[in-house]
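Worksheet for the structure shown next.
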Amino acid sequence: SKKRNMNMYTTDQFEGMIAETTVIRGHNGDLINAYYARPSGPGPFPSVVLIHHLPGWDELYREFTRRIAHHGYLAISPDLYCREAKGTPEDVAAAVRADGGVSDEQALGDIQGAAEYVLALPTSNGKVGTFGTCSGGRHAFLAGCRLTVFDAVVECWGGNVIMNSDQLNDKQPVSPNDYTKDLNAPLLGLFGNLDQSPTPEQVNQHENELEKAGKSIEFHRYDDAGHGFFYYDRGAYHQPSAVDGWKKMFDFLSKNLK
């Protein structure tokens, strides 16, 4: 049986999807916005929580959400910044960045809420993974260590997964890699070797610490890619690396969630 990657569905099949903004309960029971896309049909479907990057809860992440739903998942992307500001993603992200980001505790509460939302649906198969890029990759790794709800974690170029003591603060009090021993789900890591956050050296350290802890990991590095190589709306986009990265991601999600 063929794995269902890009261009591997048939032209005569029925296909349907519903995608819309919804409201879920996040950290502390707060009502927050989320973008939710799901295939038509009774399922049961596996789920993916998408964790947006610091450019914000933007159009790109809505497209990522629909793309994952198109491949047969209940896909949900919570707005981690909805308490801080409303407006264009750029303006909201600028306000959040100026305020030092959102706290790890709050982000994890929102991610947990999104996972619980999709798992409670009658069309859920009871399995949920998470995927994030940049700051969202960092949050995805943290979620795989500090939460116990995920069956698969995809970390894409997680910036600041390894933090120096002078980078720590009240909102980010612990470097994520200090939780390595607590990772409780298989992890796929995708990285560009031209990236400066994380640097190739930091990726090596991250991988070594995970291997020493005996974790189930799969790391892929792309020599010609830098930071954000999935982002086709930016100069960072690197087409061959992105296409291969998406393929590896769908294979990994299918293996662990379907």
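Before moving on, here are some points about what is shown:
- Mean separation of Cα contacts under 8 Å (6+ apart) over length of the chain, as relative contact order %: 16
- Per residue, the accessible area of the chain comes to 44 Å² when a 1.4 Å probe rolls over the protein heavy atoms.
- Charge tally in the Cβ shell below 15 Å around residue 82, where Lys, Arg are +1 and Asp, Glu are -1, residue 82 excluded: -3
- With helices as the sole contributors, the chain gives -10000 deg cm²/dmol at 222 nm; each DSSP H run of n ≥ 4 counts as -39500 (n - 2.57), and the sum is divided by every residue.
- Unit charges on C-beta of K, R, D, E only; dipole of the chain, Debye: 880
- Length gained on full extension, residue 9 to residue 233: 78.1 nm, using 0.36 nm per residue less the C-alpha separation.
- Local electrostatic count at residue 142 - Lys and Arg +1, Asp and Glu -1, tallied over other residues with Cβ under 13 Å: -3
- Expressed as a whole percent, the accessible surface of the stretch 68-200 that belongs to carbon and sulfur atoms is 50, based on a 1.4 Å probe.
- log₁₀ of I(q)/I(0) at q = 0.08, 0.13 Å⁻¹ - the chain, Debye sum with one point per alpha carbon: -0.28, -0.79
- Taking the alpha carbon gyration tensor of the stretch 185-258, multiplying each eigenvalue by 5 and rooting it gives semi-axes of 21, 18, 8 Å, largest first.
- With R₀ set to 30 Å, the beta-carbon distance separating residue 196 from residue 243 gives a calculated FRET efficiency near 0.80.
- Over 27 Å between alpha carbons, listed pairs 86/255; 181/255; 86/248; 171/258; 86/247: 86/255; 86/248; 171/258; 86/247
- Summarising the amide proton neighbourhood of residue 121: residues at separation of 5 or more, or on other chains, whose placed amide H is nearer than 5 Å comprise an empty set.
- Other residues with beta-carbon under 13 Å from the beta-carbon of residue 205 carry, at +1 per Lys or Arg and -1 per Asp or Glu, a net charge of -4.
- Most to least packed among 250-256, 199-205, 129-135, 104-110 [average Cβ atoms within 10 Å]: 129-135, 104-110, 250-256, 199-205
- The stretch 117-192 - percent relative contact order, Cα under 8 Å, separation 6 or more: 31
- Computed packing ranks the peptides 58-66, 81-89 as 58-66, 81-89, most packed first, by mean other Cβ atoms within 10 Å.
- Hydrodynamic radius by Kirkwood, which averages 1/r over all alpha carbon pairs of the stretch 82-160, in angstrom: 13.5
The values are calculated or read from the model by the stated rules, or taken from the named source; none is laboratory data. Being a predicted model, the structure only gives us computed values, none of them experimental. Every residue, glycine as well, gets a Cβ built from its backbone with ideal geometry; the counts of neighbours run over all protein chains shown. To get the accessible areas, we keep the full protein, side chains included, count just its heavy atoms, and leave off ligands, DNA and RNA. Shrake-Rupley method; radii C 1.70, N 1.55, O 1.52, S 1.80 Å.
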